[in-house]
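The values are calculated or read from the model by the stated rules, or taken from the named source; none is laboratory data. The structure presented is a predicted model; accordingly, all values stated were derived computationally and were not measured. Neighbour counts run over all protein chains shown; Cβ positions are idealised from the backbone, glycine included. Each accessible area value is taken on the protein alone, full model and side chains, heavy atoms only, with ligands, DNA and RNA left out. Shrake-Rupley method; radii C 1.70, N 1.55, O 1.52, S 1.80 Å.
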Amino acid sequence: QAQLVESGGGLVQPGGSLRLSCVASISNFSNIAWAWYREEPGSQREEVAAITTDGNGMYVQFVEGRFTISRDNARNTVYLEMNTLKPEDTAVYYCNRHALSFDYWGQGTQVTVSS
């Protein structure tokens, strides 16, 4: 099965920025709409941003205008640029296929927003 490897998380102060990366070892990367999900402690994993095969981004309301998703098909990589971070953005972030996720997940990357 393919592997998903997320990176780029860390501890950042409110108002700060982070850029997450996800490398997917899958042969048909460019034919897949990808998404970033996040899981907060005690909550279910939820999709927060997605990108179509054409490169169009879609966002949930609470990240709209602050997060930007992008992809590099040559590098099998999906990015999530996160700006104006808030404490409520604290979560483990994962990438996977948009809407209908694969059965497998990566290890995720922890994002902690705190002063």
* Give the residue from Leu20, Val60, Ser43 lying farthest towards the positive end of the charge dipole for the chain; charges sit on Cβ (+1 for Lys and Arg, -1 for Asp and Glu) and the dipole is referred to the Cα centre. => Leu20
* Structure fact -> For the chain, the Kirkwood Rh over every pair of distinct alpha carbons, in Å, works out to 13.9 Å
* Please give the length that would be gained between Leu11 and Asn31 if that part of the chain were fully extended, namely 0.36 nm times their separation in residues minus their C-alpha to C-alpha distance (nm, one decimal). => 3.9 nm
* Structure fact -> Here, Asp54 and Asn83, labelled 7 Å along Cα→Cβ, have an inter-label distance in nm of 2.5 nm
* Near the amide H of Ile26, under 5 Å away, which other amide H atoms are found, from residues 5 or more places off or on another chain, if H is placed in the peptide plane? -> none
* Residues listed by number, region 67-100, amide nitrogen under 12 Å from Glu39 label point at 7 Å toward C-beta -> 92-95
* To do: Taking amide H positions as placed in the peptide plane 1.01 Å from N, state which residues far from Gly16 in sequence (5 or more) or on other chains have amide H under 5 Å from it.
  => Leu85
* Structure fact -> Once amide hydrogens are built 1.01 Å from N within the peptide plane, the residues lying 5 or more places from Gly108 or on another chain with amide H under 5 Å from its amide H are Glu6
* Would you list Asp54, Asp72, Asp89, Asp103 from the most to the least accessible area, probe 1.4 Å? -> Asp103, Asp54, Asp72, Asp89
* Cα-centred dipole magnitude for region 67-115, charges only on beta-carbon of K, R (+1) and D, E (-1), debye, nearest 20 -> 120 debye
* To do: Convert each backbone phi in region 57-70 into a coupling constant with the Karplus relation 6.51 cos²θ - 1.76 cosθ + 1.60 (shift: θ = phi - 60°), then list the ³J(HN,Hα) values in order as whole Hz, x for Gly and Pro.
  => x, 9, 9, 6, 4, 6, 10, 3, x, 10, 10, 9, 9, 8
* To do: State to the nearest 20 debye the size of the charge dipole of the chain about its Cα centre, where the only charges are +1 on K and R beta carbons and -1 on D and E beta carbons.
  => 200 debye
* Asked: What are the GluC sites (Glu not before Pro) within region 1-105 that DSSP puts in a loop, where the Cβ has at most 15 other Cβ atoms within 10 Å?
  -> Glu64
